[in-house]
1. With every protein chain left in place, what is the accessible area per residue of the chain in square angstrom, probe 1.4 Å?
2. Taking only the C-alpha atoms, wrap a convex hull around the chain and report its volume per residue in Å³ as a whole number.
3. At 1.4 Å probe size, with the rest of the protein present, what percent of the exposed accessible area of the chain is carbon and sulfur atoms?
4. Please report, for the Cα atoms of segment 1-54, the Rg to one decimal and the Dmax as a whole number; what are they, in angstrom?
5. Which whole-number percentage describes the relative contact order of the chain, with Cα contacts under 8 Å and a sequence gap of 6 or more?
Amino acid sequence: QVQLVDAGGGLVQPGGSLSISCSASRPIASMSRMGWYRQGSGNQRNFVALVIGNNTDYVRSVKGRFTVSTDNTKNTIYLQMNSLKDEDTAMYYCYADFSGQRYWGQGTQVIVSS
């Protein structure tokens, strides 16, 4: 079983930056995959970034703007978001794949608005 706690969301102006975090109840290295998804006004939860081993994939719309980092001592991953746009507004959810099961954080809200 894995528990994920998301934090750090907030209101930011277009072009601004924000970092959100995901604290896991197990070591990051024990996860097969970890990453971030987001859900905007629709009911779908869309892929943002996914870490598999030493490789990180990003959805095309955030490449060059978003970066995933890991702090193994704190069992935490981060999503550094730069040059934020209105369309980045969403609830952001941490995701982990552990022992063949999917786990989700509770989400943290990011609002990009002037």
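The values are calculated or read from the model by the stated rules, or taken from the named source; none is laboratory data. Every value quoted in this text rests on a predicted model; they were computed, and no experiment measured them. When the accessible area is computed, the model is the full protein with side chains, heavy atoms only, and any ligands, DNA or RNA have been set aside. Shrake-Rupley method; radii C 1.70, N 1.55, O 1.52, S 1.80 Å.
1. Using a 1.4 Å probe on heavy atoms only, each residue of the chain averages 54 Å².
2. On the way: hull volume 10.5 nm³, N = 114.
Taking the convex hull of the Cα positions in the chain, it is 92 Å³ per residue.
3. Values: 2670 of 6110 Å².
Carbon and sulfur together cover 44 percent of it.
4. In order Rg, Dmax, the Cα atoms of segment 1-54 give 13.2, 38 Å.
5. Working: 282 pairs, mean separation 43.5, N = 114.
Relative contact order, the chain: 38 percent.
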